[in-house]
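Asks: Before anything else, here's the structure in question.
Any read-out appearing in this document is the output of simple, stated calculations on the displayed coordinates, not a laboratory observation. Small disclaimer: the values here were computed from a predicted structure and weren't measured. Glycine gets a Cβ as well: all are built from the backbone with ideal geometry, and neighbour counts include every protein chain shown.
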Amino acid sequence: MKVHYMIKGIKNLLALAVVTLGVLSCNDDDDSFVLRDTDYLSFEYTASSKTFTIRTNGDWNVSNDGSDWISLEPSSGRGDGDTYENVTVKVDRNGGQKRNGRVVIHAAGREVYIDIEQSVGPGISFGAPALTGGVLQQNV
């Protein structure tokens, strides 16, 4: 009877070892990663720019969500895993309501986001001053 329990215990131990080894060996061979230093950038209504950093160990590219008021430079690169790469986000002047957009980082088989917000702008804008009509000379 003791032998039976002993064999059953050994079988259970072996089964546990196989499961444990299986779980440990299931980790991805793909060690790719992507990191960013922020997930949110806020801008005043004026045309301006800010920078964020990307660190990854492979090809990457950035795009916006279709917002024509956001531009990105550079739009792609290749990370070495150690170097922090700068990406500049430029926004056009906002002459209306608060607006929101999103930058999408495509790297390491993932999509990582940075939300963009630009504050309300003045509803009017003035062009370059111009003189119309004649200039009158006044004698004093």
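Asks: Under a crude label model (7 Å from the Cα following the beta-carbon direction), how far is ARG93 from HIS106 in nanometres?
Replies: Result: 3.3 nm between the two label points.
Asks: Could you work out how much longer the chain between ASP82 and THR46 gets when fully extended? Use 0.36 nm per residue separation minus the Cα distance between them, nm to one decimal.
Replies: 9.5 nm
Asks: Next up: Subtract the Cα-Cα distance of ASN61 and ASP31 from 0.36 nm times their separation in residues, and report this length gain in nm to one decimal.
Replies: Length difference between fully extended and current span is 8.9 nm.
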